[in-house]
1. I'd like to verify a number: residues in region B:264-274 that are within 10 Å of chain A (Cβ to nearest Cβ) and more than 14 Å from B:Glu252 (Cβ to Cβ), how many?
2. Can you list residue pairs whose Cβ atoms sit under 6 Å apart, with the first residue in region B:127-140 being at pLDDT 90 or above and the second being of a type in the set (D, E, K, R)? Count only pairs 6 or more apart in sequence or on different chains.
3. Could you grab me the full set of residues in region A:35-51 that are more than 19 Å from A:Phe142 (Cβ to Cβ) and more than 9 Å from chain B (Cβ to nearest Cβ)?
4. Take the residues of region B:275-328 that are assigned to a helix (DSSP H, G or I) and at the interface with chain A (Cβ under 9 Å from one of its Cβ atoms): which is surrounded by the most Cβ atoms within 10 Å (Cβ to Cβ)?
5. Within the group A:Val30, A:Val66, A:Val77, A:Val43, which residue is farther than 24 Å from A:Trp193 by Cα, at pLDDT below 90 and either within 19 Å of the chain's Cα centre (by Cα) or loosely packed, with under 15 Cβ neighbours inside 10 Å (or both)?
6. Could you check region B:220-261 for helices (runs of 4 or more DSSP H) lying wholly inside it with 2 or more residues that are touching a Gly at 6+ places or on another chain (Cβ under 8 Å)?
7. Name the single residue, out of those in region B:22-68 being open to solvent by 50 Å² or more (accessible area, probe 1.4 Å) and β-branched (Val, Ile, Thr), that is modelled with the lowest pLDDT.
8. Anything in region B:328-363 that is at pLDDT below 80 and of a type in the set (A, V, I, L, M, F, W, C)? List them, or say none.
Amino acid sequence: MTTMVIKYVWEVPVRVAHWVNFLAIVILSVTGYYIGAPKTLGVDPSRFVMGWVRFIHFVAAYAFTVSVLSRIYWAFVGNSYSSWRAYVPWLTSEGRYRMLETFRYYTFMSRKVPHVTGHNALAGATYSLVYCLFLVQVATGFALYAEHAPASVMHKLTGWLFLLFSNQGMRLTHHLLMWLFVAFAIHHVYSAWLMDVKERGGVMSGIFGGYKSVPEKE
Amino acid sequence: MGKKRVGGKGDSTEQKIKRDFVERSIWEEKGISRRDFMKFCSAMSAALALPVTFAPRIAEALDQVKRPTLVWLEFQDCAGNTEALLRASSPTVTELVLDVLSIDYHETIMAAAGHQAEAALAKVLKEQKGKYIVVVEGSIPLKDNGVYCCIGGRSALDIAREVCGNAFATIAVGSCASFGGLPAAAPNPTGAVGVKEAVPNARVINLPGCPLNPDNLTATVVHYLTFNKLPTTDSLGRPLFAYGKRIHDACERRPHFDAGQYVESWGDHGHKKGFCLYKMGCKGPETFHNCPTQRYNEKTSWPVAAGHGCAGCSEPQFWDTMTPFYKRLPNVPGFGIESTADKIGAGIAVATAAAFAAHGVVSALRKGDDQSGKKED
């Protein structure tokens, strides 16, 4: 049996960004769903239900945006496990081999657990896609947010998106991406749980404390 | 016509009093009292978002008989904007402002026909070059050399190039003339476009709406008569005084939106109580127009006041981009018409959960996965 050593893998900014993203996505999904398909919750006209829901949505949106951008910044200054290189495994032949290896393991074609200290190759590639979708979600969100003020700075920054999306298409995209993130969250928690069991690397606690168990040879 | 009224800053108080209270103006000759005329001028300064102190200046400008020539062209249209303008309940100041303009050509209302009508237009082009105003109603087809709309043997594009290109300004009334409107809706079989796109070198001001609110046309004309220039516009060429505010922000149902009170189906409790029409697909949050304040038909009503959501008719390509009119979100392309984004989204989430649950069961039953891929002893 392989001897395991404890290693500091996930630095503070990585963990903070992860949990801010988590909280923001939960809040944004719940409030966003209400904004898209509201129910009459205000018992009298003096209430401010939609007002508060939208306020919370916008505050969470700003927190999410800052978190996503900070994490992208950290991909260039953080340690090797959080580096952008971990998210583009398809660029190197070794990365492509590792992606295939992980895919074979996930689809029960191989019994070899692809133990890696940071993200496995398939996970890294998935996070690239998810972060691209995050950026689309942020951009479409701010474009919709700025729609009320055509002369504003925000509208000048995001208004060009209406050349890519129709007015309704923008709303549909923003809404459907939310569901994709729900699906991603299910996959993400399950995969982490699976690897925690099979890899025995403490990937679940790693995102809280930053430490993972890795085979001694690494 | 009325007496030539000359008024200026150099007038003595006596002359001013005489002008304002003694002489009969062209308006009085047409049966409009001085009081009603001044009320109209105040209303116009309000519509143009000017301080009320501008009312006398507007009155002064309108008192002068300048009779700028106006030509009204109709292309791919339903004459709905003409209709909106002519449907004023009684002869109003609005109508008379347009009387003050010399409408030398208007296909729906002019007496002349055939060659005589075309001769009238040719006369304006020759004698008033660079000075007349053109109002265009309807879109201009570009496909197949513009054969889909011809008047007097010439294509709409050909006429628009000549008439709009030589005008002082072009006022595109209605969504068709502004952005192509209904004829330009997908798949746009005639290649219909708005005036600005068809004649890029023309000076165009867009007054979209389906139909436009005639008050906004009157105010634009009054602005021109008063200041001798066109009003400031937004990036879509729409005057800011009429299209500078979002419907949602000036809507009388807005408090119900913020409170969280919605019409959930037609005729329900909320609908009877006048709750927000957001859930019924109202496009007020996406539309800029002064409907909530200016209203239609002599300020009688507007769609949202009548209990129907906004269709976004003053925005470009509204027939394509604002539909479905009665839902917040369009259907997902490629799925059945009753499949909403939420049903599909929830389906994706459930399918994902099911797939991973199955994977989890298999993984739990599988023994012997390890780093080397060999079974442990």
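1. So the count comes out to 4.
2. Close Cβ pairs (under 6 Å, with a partner that is of a type in the set (D, E, K, R)) amount to B:Glu137/B:Glu74; B:Glu137/B:Asp77; B:Gly138/B:Glu74; B:Gly138/B:Asp77.
3. Looking only at region A:35-51, we keep the residues that are more than 19 Å from A:Phe142 (Cβ to Cβ), and these are A:37-51.
None; the set is empty.
4. Just the residues of region B:275-328 that are assigned to a helix (DSSP H, G or I), to begin with: B:278-280, B:284-286, B:291-294, B:318-321.
If we keep only those that are at the interface with chain A (Cβ under 9 Å from one of its Cβ atoms) as well, we get B:278-279, B:285-286, B:318, B:320-321.
Details: B:Tyr278: 24, B:Lys279: 22, B:Pro285: 20, B:Glu286: 22, B:Phe318: 26, B:Asp320: 16, B:Thr321: 20.
Step by step, filter region B:275-328, then rank; the result is B:Phe318.
5. On the way: A:Val30 fails: at pLDDT below 90; A:Val66 fails: at pLDDT below 90; A:Val77 fails: at pLDDT below 90.
From the options A:Val30, A:Val66, A:Val77, A:Val43, the qualifying one is A:Val43.
6. Numbers: elements: B:240-243, B:247-250, B:254-259.
Hits in region B:220-261: B:247-250, B:254-259.
7. B:Val22
8. Start the filter on region B:328-363 by keeping residues that are at pLDDT below 80, which leaves B:331-340.
B:Val332, B:Phe335, B:Ile337, listed by residue number.
The values are calculated or read from the model by the stated rules, or taken from the named source; none is laboratory data. Note that this is a predicted model, so its numbers are computed, not measured. Note that we place each Cβ from the backbone using ideal geometry, even for glycine, and neighbour counts take in every protein chain shown. These accessible areas exclude ligands, DNA and RNA; they are computed on the full protein's heavy atoms, side chains included. Shrake-Rupley method; radii C 1.70, N 1.55, O 1.52, S 1.80 Å.
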